[in-house]
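The block underneath contains the structure these notes are about, expressed in structure tokens.
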Amino acid sequence: MNKCIILDHDDTAVMSTPGIHYPSFVEAIKKLRPNDEPITFEEFVGYCFEPGFHSLCTDIMKFNEAEMIVQQEIWQSYTSSSIPDFYEKFPETIKGFKDRGGIITVVSHSERSRIERDYLQHCGFIPDAVFGWELPEHQRKPFPYPIKEILRRFNLKESDALMLDDLKPGLEMAKSCHVDFAAAGWSHAIPEIKQQMKNESKFYFETIDEFSKFLLG
């Protein structure tokens with residue numbers, strides 16, 4: 001049995017991109033690039049998959065530092081006013097794991113304060129460790145720092161942990177740390193992403209029921 005699960009937040013645990021992250025990014029583009037066509041939802045998810053959200057901002061949209069601040073402010077206004085719902089049966093699954101003595105950690109591109117708020121609201125507890133967007137870039141996913149720090153902090157071996165995520169940055173981070181990776185297939189709607197995650201992940205769970213049976217037996 002795994003001693004620790006390392007969970008992504010957005011679109012792995014909670015349903016947040018369609019109603020929060022994507023519309024906030026569209027609003028930012030309208031403000032910062034008023035003559036540009038807003039990107040579609042599928043394009044947004046594809047860019048978050050590869051090369052990742054930070055590269056979407058800096059390399060594709062080419063936001064400068066001042067524009068990045070504006071984008072962040074718009075995003076924070078959305079995340080502060082909306083509490084996303086967890087996927088059905090996800091809270092029960094991780095609470096079951098916690099009740100058995102499991103360590104629950106979160107590595108996400110959302111901010112720690114929002115993640116802790118969401119867990120308190122829907123699960124009744126705060127994860128044992130949270131590594132979010134508030135960290136400097138070199139300590140965020142896909143960089144290995146969060147997993148290495150989790151293993152150090154809880155005195156774990158690589159084989160004691162399992163990473164669950166729906167996108168490639170989480171997969172890359174887990175691989176770089178030699179930690180088993182499981183793909184959250186319930187959030188996949190884009191066939192190319194679904195297939196790539198199936199091909200590259202050690203475990204692929206189509207539903208939360210499948211993940212729950214694996215985790216809890």
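The values are calculated or read from the model by the stated rules, or taken from the named source; none is laboratory data. Bear in mind that the values here come from a model prediction, so they are computed numbers and not experimental data. Here Cβ is always computed from backbone atoms with ideal geometry, including for glycine, and neighbour counts include all displayed protein chains. For accessibility, only protein heavy atoms count, side chains too; no ligands or nucleic acids. Shrake-Rupley method; radii C 1.70, N 1.55, O 1.52, S 1.80 Å.
Identify all residues within region 97-112 that are touching a helix residue (DSSP H, G or I) at 6+ places or on another chain (Cβ under 9 Å) and farther than 20 Å from Leu156 by Cβ; write none if there are none.
Filtering region 97-112 down to residues touching a helix residue (DSSP H, G or I) at 6+ places or on another chain (Cβ under 9 Å) leaves 97, 100, 102-111.
If the condition is that a residue be touching a helix residue (DSSP H, G or I) at 6+ places or on another chain (Cβ under 9 Å) and farther than 20 Å from Leu156 by Cβ, then His109, Ser110, Glu111 are the ones that fit.
Kindly evaluate Glu43 against the criterion of being open to solvent by less than 70 Å² (accessible area, probe 1.4 Å) and either of a type in the set (Asp, Glu) or not in a helix (DSSP H, G or I) (or both). Steps first, please.
Values: open to solvent by less than 70 Å² (accessible area, probe 1.4 Å): no; either of a type in the set (Asp, Glu) or not in a helix (DSSP H, G or I) (or both): yes.
No.
Consider region 102-134. How many of its residues are free of Cβ contacts under 8 Å to residues at least 24 places away in the same chain and surrounded by fewer than 15 Cβ atoms within 10 Å (Cβ to Cβ)?
Within region 102-134, the first condition is being free of Cβ contacts under 8 Å to residues at least 24 places away in the same chain, and the residues that meet it are 112-113, 116, 119-120, 126, 134.
Right, trim to surrounded by fewer than 15 Cβ atoms within 10 Å (Cβ to Cβ) and you get 113, 120, 134.
Residues in region 102-134 being free of Cβ contacts under 8 Å to residues at least 24 places away in the same chain and surrounded by fewer than 15 Cβ atoms within 10 Å (Cβ to Cβ): 3 in total.
Taking Cys57 as meeting all but one of (1) within 30 Å of Lys213 (Cβ to Cβ); (2) part of a helix (DSSP H, G or I); (3) open to solvent by less than 20 Å² (accessible area, probe 1.4 Å); (4) not polar (S, T, N, Q), write down the number of the exception.
Just one mismatch for Cys57, condition (1).
May I ask you to verify whether Ile83 is among the aliphatic types (A, V, I, L, M) and either part of a loop (DSSP other than H, G, I, E, B) or touching a Gly at 6+ places or on another chain (Cβ under 8 Å) (or both)? Talk me through it step by step, then tell me what you get.
Working: among the aliphatic types (A, V, I, L, M): yes; either part of a loop (DSSP other than H, G, I, E, B) or touching a Gly at 6+ places or on another chain (Cβ under 8 Å) (or both): yes.
So Ile83 passes the test.
Looking at Ile69, Ile83, can you tell me which residue is modelled with pLDDT of 95 or more, under 25 Å from Val26 (Cα atoms), over 14 Å from the mean Cα position of the chain (by Cα) and open to solvent by 20 Å² or more (accessible area, probe 1.4 Å)? Break it down stepwise before answering.
Values: Ile83 fails: modelled with pLDDT of 95 or more.
None of the others qualify; the one that does is Ile69.
Please go through region 135-144 and pick out each residue that is part of a loop (DSSP other than H, G, I, E, B) and open to solvent by 40 Å² or more (accessible area, probe 1.4 Å). Working first, answer last.
So the first thing to find is which residues in region 135-144 are part of a loop (DSSP other than H, G, I, E, B), and the list is 135-136, 140-144.
Scanning region 135-144 gives Pro136, Pro142, Phe143, Pro144.
Is it true that some residue in region 101-109 is assigned to a helix (DSSP H, G or I) and either modelled with pLDDT of 95 or more or under 18 Å from the mean Cα position of the chain (by Cα) (or both)? Step through it out loud before you land on a result.
Taking region 101-109 and keeping what is assigned to a helix (DSSP H, G or I), we get none.
No: zero hits.
Need pairs with beta-carbon distance below 9 Å; first residue without any contact (Cβ under 8 Å) to a residue 40 or more places away in the chain and within region 32-46, second open to solvent by 80 Å² or more (accessible area, probe 1.4 Å) and of a type in the set (Lys, Arg); sequence gap 6+ or separate chains.
Asp36/Lys30; Pro38/Lys30
List every residue pair whose Cβ atoms sit under 7 Å apart, with the two residues 6 or more apart in sequence or on different chains, where the first one lies in region 191-217 and is more than 13 Å from Met163 (Cβ to Cβ) and the second, anywhere, is open to solvent by less than 50 Å² (accessible area, probe 1.4 Å) and hydroxyl-bearing (Ser, Thr, Tyr).
From region 191-217, the pairs are Lys198/Tyr204; Ile208/Tyr87; Ile208/Thr93; Ser212/Thr93; Leu216/Thr93.
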